[in-house]
Amino acid sequence: MTARICGEWRFCDYITTLNPVENKSLVPTSYGPRPGGRDAVAPISKARAAVLARLRAIDGTLSVEQLALQTGQHANTAREHLEALVEDGYATKAAAPKEGRGRPAWLYRPAPAPAGPVGYAALAAALAQHLATHSENPTAEGEAAGRAWARAMPPASPRINGDEPKASGAKRDGAKLSAAGAKATRSRVATALEQAGFGVQKNRDATELTLTVCPIVEAARENPDVVCAVHLGLVKELMAGSGLPEENVALLPFAGPGICTLHMPSIAPAKDAAANAAKIEAGPAAP
């Protein structure tokens, strides 16, 4: 279907195309971002979140000594971070097999993700299902909901190089937007997505955002048309008034293991549109 539509610690002159997964049973569970944070856990610092990211990146366990060696931290600092992650529910620990005399070392691993939607993620799944079932145009209503989400978020920081923000909908000519101003807008969108619960990695110019965490990925698997339209509406509204044309944002859901991909506009409209059209036409990577 083609339609107009996008760590925890920190969530274009293009064509607007949603490339939903038509047969949901064919989407590998490893494809798309991982779920967002669980309910009832404490916020953590950037340093501690970096330790958690390292835990999640390994296939296995990590000891205090291994973490200290990998990060250059003192063993006491590494132990403090790991123990705090366990206390806050982000990690678990178990004693290593006993070898020789002395106490065995503790081995740490990230806490398993919940089996299904929890908290507001479950509500999002229910609302998406309701729209998909009862709305005459669920994609359009999903996009409208995403725009409302963006308007409810705190205002973005001022623009750089004299590019002052305008009211939502007061778009300017993209040709007059400086490259620095365009990059600043894209970077602010990435930051806003992080604040909304997404995990975001961006390339140097922030023209491509890789979404590694999605707060409502379970809902997206069940109703990609609706939920991805919500995400696109969120991004469009975050860009409103920047001078970058929202109609050329392109989202590729479940683009590969662990990610969705969001293509953002530069200040070269025709080139952007052609590039995004090719990427959407190619579709997600093969399982």
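FYI, it's all coordinate maths here, none of it is from the lab. All values derive from a computational prediction rather than experimental measurement.
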Long-range amide H contacts for residue 63: which residues qualify at under 5 Å (H placed 1.01 Å from N, peptide plane, sequence gap of 5 or more or a different chain)? 108
Tell me which residues come under 5 Å, amide H to amide H, from residue 91 once H is placed; ignore anything under 5 positions away on its chain. 86, 111
Amide H partners (placed H, <5 Å) of residue 202, local residues excluded: 210
With θ set to phi - 60°, apply the Karplus curve 6.51 cos²θ - 1.76 cosθ + 1.60 along region 86-95 and write out the HN-Hα couplings as whole Hz, x wherever there is a Gly or Pro. 5, 4, 7, x, 8, 9, 10, 9, 8, 6
